[in-house]
Structure formats: C-alpha cells, structure tokens
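A quick write-up on the structure given underneath.
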Amino acid sequence: MNRNKLIKACAWIPLAFPLSLWASLEPGSVVIYSDGDVKKLLQRDEQSTLWEDQRKRRYKRSYLPYFPVLEYRRFDEQSSGYNQFVSATTNVELIPFNNEDYVQFNLTRQDLYKGSKKRLWQCAYSGNGHFSLGNKKYSTEKYRCKRFSIKKTFTYRLKEEIRFYYSPELDLVMKQVKTNSVGDKSRVEVVRILSPERATAKRIARAVYKQKADR
C-alpha cells in the first residue's frame, strides 16, 4: 500500500492520520544533518524520492522509511553504483503502511560492476515518539532493522542494526542510530531544513559551518 492509498484508507478515521500530516517536503528542499552531510530533494512520486548530496551522489529511496536505498549513483571519472530490490515491496510494509509489525525479507543488491549478492533483513515497528527540530516537535514512527550476511554454509551473521525515527508530516527520517557488528554506534539526525526558496549556496554553507563548529 503506497502513501496515497494509505491516506485514502485512513481518511474515515478521525485524527488518526489527518491529511495535513502528509505535507511532505517539496522538491528543491535541502536537509542538513548533524554529521555535516547535506542532501537536496530532487524528485518525489508515490513510490520513491530522489536525493543528491554535496558531492553530487544520488540516492533513490523507497516510500518505506526503513527500506534500504533503492538506487545509488556516483558520477565521477568512472560512474558507479548499485540497485537494491525485493520481489514485491508491498510484502515488506510495516505499520502504518500496512498492519504488520514485523517483516523479514531477502534483499538483492545488484552492483553495476561487481555482480549481485543477497542480504537478509529483519525489520520491526517499534511504536511512536517525538523529535524536536528548532522550536517544533514532530511526531515520529519508530523502526528497528537488522541486516545479516548470508554465508556459503547458509548461516547468518549480524552485520548491523539500524533504528529509524520517521516523521510522517515531513515524510523524512529525522534520526538514525546505527550499531555495527562489534557494537560501535553512530548517530545522525536532522539539524536544519531549508525550503527551496531559502536553499541558497550561502545559507547552506553558513548552516554547515555552524553545525561543524557546534560539534
């Protein structure tokens, strides 16, 4: 069930998912993160969004906030990248996109030059919460995903665990906490959002400089 279908399905439920909550970011908006990364929203449709970072790398993301990057492209001396997919995205939908609170799926990663490999993912819905940005507090849906590598002996090894804090209002992951296979944690969160008309090079540079100075 994609986002528009979800809105129609929930339209009769008072206050559950009011349509105003789906006023997502406009193309041209720029998101600045706590690690100094900058991403610009280039396109959006019912199924995906396309982002570009400050190094001109592009990321196509699913309408499911916890789903791994669908496409990644790097354009330099030799372009590179990969695609990732499952047989049917609707089979891996969690609350509120569907009624499931846990899914497991095999993800195929197709590298443009290195061939393909499969990865096992387990994702679960973890309830709701809040995320504060500036003087505004956003409601969030929380998810936890685990990625496993599949060995030739058909055994599995945990590679990473990722926690997502997703704002339906902005259609944006506001915070992500990643734990690798040895227990090291990294955390990235949104620190500023610039609308298309305010996303000038000067404002972006000033915001990034301030964020790095505050770290």
| query | within 18 Å of K151 (Cβ to Cβ) and either of a type in the set (A, V, I, L, M) or in contact with a Lys or Arg (Cβ under 6 Å, 6 or more places away or on another chain) (or both) - does that describe any residue in the range 90-102? | reply | no
| query | Say we look at the range 143-191 and pick out the residues that are buried (at least 17 other Cβ atoms within 10 Å of the Cβ) and basic (K, R); which of these is nearest to E26 (Cα to Cα)? | reply | K175
| field | Count of residues meeting criterion [of a type in the set (D, E) and at pLDDT below 95] in the range 96-126 | value | 1
| said: Taking the conditions exactly as written (of a type in the set (A, V, I, L, M, F, W, C), under 18 Å from E52 (Cβ atoms) and touching a Phe, Trp or Tyr at 6+ places or on another chain (Cβ under 9 Å)), does V188 satisfy them or not? | reply: yes
| query | Quick check: is even one residue across the range 123-134 touching a residue at least 60 places away in the same chain (Cβ under 8 Å) and part of a strand (DSSP E or B)? | reply | yes
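Just one of Y156, Y166 is at pLDDT 95 or above and hydroxyl-bearing (S, T, Y); which is it?
Unique residue meeting the criteria: Y166.
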| query | Of E100, E141, which residue is assigned to a loop (DSSP other than H, G, I, E, B), out of contact with any helix residue (DSSP H, G or I) (no Cβ under 6 Å at 6 or more places or on another chain) and among the charged types (D, E, K, R)? | reply | E100
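Residue check: is S87 at pLDDT below 95, over 21 Å from I162 (Cα atoms), hydroxyl-bearing (S, T, Y) and surrounded by 12 or more Cβ atoms within 10 Å (Cβ to Cβ)?
It is false that S87 is at pLDDT below 95, over 21 Å from I162 (Cα atoms), hydroxyl-bearing (S, T, Y) and surrounded by 12 or more Cβ atoms within 10 Å (Cβ to Cβ).
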| message | So A205 passes all but one of these: (1) touching a residue at least 12 places away in the same chain (Cβ under 8 Å); (2) out of contact with any Ser or Thr (no Cβ under 9 Å at 6 or more places or on another chain); (3) under 21 Å from L42 (Cα atoms); (4) of a type outside the set (D, E, K, R). Which condition number does it fail? | response | (1)
| query | So which of R215, R192, R163 is closer than 25 Å to F97 by Cα, in contact (Cβ under 8 Å) with a residue 12 or more places away in the chain and not small (G, A, S)? | reply | R163
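The values are calculated or read from the model by the stated rules, or taken from the named source; none is laboratory data. Computed from a predicted structure; not experimentally measured. We place every Cβ from the backbone using ideal geometry, glycine too, and count neighbours over all the protein chains shown.
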